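Beneath this line is the structure, given in structure tokens, with notes to follow.
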Amino acid sequence: MRITILLILIASVAAAQPPVAPSPDPAGERAGENVHNYNIVDSFETGYRFSTVGGSDAQYRSSVNYGNGIRLLGSSLIVTSRDGHGSLFDQITLSTQGLGNDPYESASLRVEKYRTYRYDMSWRQNDYFNPGLVTGGGNGQHLLDTQNRMQDHNLTLFPQSNLKFFLGYSGSTQSGPSYSSIQQFDVTGNIFPLFSNVHRVWREYRLGNEFQFFGIRVNWMHGWQDFKDDTGAVLATSGVPGAVPLPPESPVNLTRFRASDPNHGTNPYWRAAIFAQRKLFNVNGRFTYSGGRRAFVVDESAQGVASSLTRVQNVVTLGDAQRPVATGNLNVNFTPTSKLTIANSTSVYNIRTLGDSLFTQFDSATQATTVLFYNYLGIRTVANDTNLNYQVSPLVGFMASYHFSDRLISTQDQFTFAGAVSSSPAEQSNQLHSGQIGVRITPWKPLSVLLSAEIGTDSHPFTPVADADYHALTARVQYRAKAFRLLATANSNYNANSVSLTSYGSQSRTYSVSGSWTPRSQFTVDAGFNRAHTYSIGGIAYFTDAQLIQGQSSIYLSNINSIYAGVRYEIAKRIDLYAAYTRVQDLGDGRDSAAAGIGNSPAVFQAVQTFPVAFQSPMARLSVKINEKLRWNAGYQYYGYRADFTSLLGYRANTGYTSLSFSF
Amino acid sequence: MSLAVRTSMLLVIFCTGVFVANAQDKPANHFVENTVCRTCHPIIWSNFYKNPHFKSVASGKEPPESTGCQGCHGPGLLHAQNGGGAETIRAFTTLPAEQVLDACLRCHSQTLSRANIRSSQHTLNGMACTSCHSIHGSQSVRALLRKPQTTLCEGCHTDVRAQFAMPFKHRVEEGVISCTDCHNPHGTFAPTWRMASRPHQVDQAAPNEEPCLKCHADKRGPFIFEHLGVRVDGCETCHAPHGSTNSRLLRRPVVFTLCLECHNGAGNFGRQGTGIPSQTPKHNMADPRYQNCTACHVRIHGSNADSSFLR
């Protein structure tokens, strides 16, 4: 029986696995060592990563991106005061991953002295490479080879008292080369590649306080966000992957192009929250206001030839845009007994986007001037949720909720400025009613069953693909014993959005089974299977040769199967073996070529309604304990990617590492 | 008497009945010195200095109901007198979820991140604090999680786990971001996008925006020309945030299908209810050049210079 279950689990399973390195087993004793008044638990792993790639290197860099070199694969340090009365700190926790040129690097630190201060830091770096959007099976535009760095710092003073102070800083940068594109000089013109050096910086400073006042806790925070984008663009003459070369008889050619688009945004915000807790109920509220603003200059100059005429076009626009956002939330939770909770929350959101700018675009060749006015957008939403949660007995519990929201969208294409005539404002309001019910059944302590259903109807969705008349069903069965866990879930989401031109409908169904079995501490099996089915149909309208085509549908069909299985085995408390396999495969609609289509879509759509791909990654890892403070690790992971509709994107990669884990 | 008034009265009567039915006399119990616990639980006692809850013990100023073993497990006199037993003390392994929640929220309720825990999907689905947190058996010092965060979340959300295995995904498995960068497992305020209803438990960035903008700050704007679908219904209109088999986490493998499914001019939709603008006759979808929408409409997330997002 056990073997049968094991085989089922290995044959089934669901999903993702972390990369083969770093090794999850640290060196040294978890209990650590006592030094003076502190206990120290530490470990770090350093080694060499390698990779070889065949096929599309760009696609590999986009989805995996591990390279060669020496790395500090992972480290962990925990220092704890044994009596809680350290001189400068009572606890330090530090962990890092991937330092030393991995594409995914991170570090987090906490330093704390009880009742006095707590400092949290996180730092992350991500090398982001994208070969461009896939279009019709080939490489596309907007290639990015950038590096994102993010950091957060939070300092809390007197964290256990009724009077706390908060200080914080967050920042992120994105920098690196990119390719983009520009079309000149009108809608019939050609598309030209642009080279950019991306440079974006975002920073946030925070200051806040929390205090208690007549039994009511008040928390407020003021933040200042600052964003700068200094990315410019110049004409790229060659080297753009996937760029279609212009034919010699091309009616439009671009000989010189330069654009700079610096913009600087600020987003100061206030946030205040109150909490009041009584025996039978508690109330909390939150109120925020942010005054987003972004000033910009677009300075673009293009020189070229169009229809045998020399064209020079300069575009200069400048101004600013503002987005004030005011929100309020009030939650009331009523708990007459520990078995019953009634929660009601009311939310009010008011978001406006406006500006004080008028733009002029001047074409020096045609002497034409185009005047642009900013668009006004206002979104006001009022929502109310009521939730009831009642545990009838240890065997059965019920939940029910009702949601109502009312949204008003106001827009104005041309707003009064400098004497210009305003266009008529347009307003669209809609209401959503939705309800959810569910039952929790625990017929036996290790076994739990959860069934829930949600239904909603929106009177006036904003887009044809938004939720309109939808319902969702969820079922979950879990068996959890000491050494064995099995979970099965089924979800379905159906949405119908009918309109006059045509109709949009989508169906998605997800089924998954996963389980783990740990008969002994030395042996673990973990496995799962997931199937995600998506089918959608939407009405489309487009032009071919100036003829409007209507009455056709865009059909999308995706059937994604994911399996995962992992086995860990420890030999003689010294050797740790781990092997795992992951495979994701979109079967599409069963076609292996675009020739045999589905539905009444034209050929251009037939080729893209489905996109069968397979992505697999087996791995194995070995970790050997050399002594109490040292382990040797080695691992191998294979990545294979294959897209059935194109051979341009497939790749095979062999990656691996060898490392030593130390504890000192 | 209106239906609403009658329903309210019935609800009050029902709640009162439930409350009275549950009010029972409990046998007398008292707090004891916390050192009493050490006699039978020496390992937990000797390692408790590594636990974040130890700070209340270290202060030495907290009343017994707010510190040490009995701060969570309740008065220990009967438990000590009876030589142990789960029925004589607040043993979390035997408590139903709602009582676990009550016990933890006695201290942990008044923070912004837990303001919505009573109405969170986790609570409504019968999850308790101890479903994810382990006070005495945690491998993670900071949040006392039972397992590393990603493993913990994916243990139940197996469909999401499958999405993170796809070729295009946010780097959660690689450790660059974590589930709580975007989600608040303790419940969230209603989202400021879509209809303030779905998605559930997606946290908001500080100024009430989609969490996507915490990292993708260049998409934040405000822009003079907003792509209204983005601002009104959110990034998920076009992107699948966890993972996708499509480049750039798009919901369709090819961009123009994504665009045309909204930009079809169908009535009722859009800002004036007259349809989201469709193509102009100058576009020719038979020409591959026009099939790459974002090759021309480069500022698709919003533009400061062009209402069609051309620059």
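The values are calculated or read from the model by the stated rules, or taken from the named source; none is laboratory data. These numbers come from a predicted model, not from an experiment. Every residue, glycine among them, receives a Cβ derived from its backbone with ideal geometry; neighbour counts consider all protein chains shown.
Structural remarks
- Residue satisfying condition, being touching a helix residue (DSSP H, G or I) at 6+ places or on another chain (Cβ under 6 Å) and at negative phi, within set B:G267, B:G229: B:G229
- Taking each residue of region B:253-270 that is without any contact (Cβ under 8 Å) to a residue 60 or more places away in the chain and looking for partners that are part of a helix (DSSP H, G or I) with beta-carbon atoms closer than 6 Å, six or more apart or interchain, yields B:V255/B:C293; B:V255/B:T294; B:F256/B:Q291; B:F256/B:C293; B:C259/B:C293.
- Conditions (1) surrounded by fewer than 19 Cβ atoms within 10 Å (Cβ to Cβ); (2) part of a loop (DSSP other than H, G, I, E, B); (3) more than 10 Å from chain A (Cβ to nearest Cβ): number failed by B:V141: (3)
- Whichever residue in region A:566-611 is under 19 Å from A:S554 (Cβ atoms) and of a type in the set (D, E) and, among such residues, is modelled with the lowest pLDDT: A:D589
- Pick from region B:106-131, criterion touching a residue at least 24 places away in the same chain (Cβ under 8 Å) and among the aliphatic types (A, V, I, L, M), ranking: farthest from A:V218 (Cα to Cα): B:M127
- Here A:S161, A:S181, A:S175 are screened, and the one residue that is outside any strand (DSSP E or B) and either polar (S, T, N, Q) or within 11 Å of chain B (Cβ to nearest Cβ) (or both) is A:S161.
- Any hit, region A:335-345, residues being part of a strand (DSSP E or B) and either at pLDDT below 85 or more than 24 Å from A:M399 (Cβ to Cβ) (or both): no
- Strands (runs of 3 or more DSSP E) lying entirely in region A:357-445 (those with 1 or more residues that are within 30 Å of B:E98 (Cα to Cα) and either of a type in the set (D, E) or modelled with pLDDT of 70 or more (or both)): A:376-391, A:396-412, A:426-444
- Filtered residue count, region A:100-117, keeping only those that are crowded, with 19+ Cβ neighbours inside 10 Å, of a type outside the set (G, A, S) and part of a strand (DSSP E or B): 5
- When the strands (runs of 3 or more DSSP E) confined to region A:24-87 are screened for residues that are touching a residue at least 40 places away in the same chain (Cβ under 8 Å), those reaching at least 2 such residues are found at A:38-55, A:69-81.
- Subset of region B:279-311 (residues that are within 8 Å of chain A (Cβ to nearest Cβ) and under 35 Å from the mean Cα position of the chain (by Cα)): B:T294, B:V298, B:N304
- Residues (over 19 Å from B:Q81 (Cβ atoms) and touching a residue at least 12 places away in the same chain (Cβ under 8 Å)) located in region B:29-44: B:I44
- Residues of region B:226-250 that are touching a strand residue (DSSP E or B) at 6+ places or on another chain (Cβ under 7 Å) and outside any helix (DSSP H, G or I): B:E226, B:H227, B:C238, B:H239, B:H242, B:G243, B:S244, B:T245, B:N246, B:L250.
- Qualifying residues in region B:106-127 (those that are aliphatic (A, V, I, L, M) and more than 16 Å from A:T335 (Cα to Cα)) - the one farthest from the other protein chains (Cβ to nearest Cβ): B:M127
- Residue in region B:253-267 that is of a type in the set (A, V, I, L, M), facing chain A (nearest Cβ under 7 Å) and closer than 20 Å to B:F168 by Cα present: yes
- Within region B:144-201, the set of residues being among the polar types (S, T, N, Q), surrounded by fewer than 19 Cβ atoms within 10 Å (Cβ to Cβ) and assigned to a loop (DSSP other than H, G, I, E, B) comprises B:S178, B:Q201.
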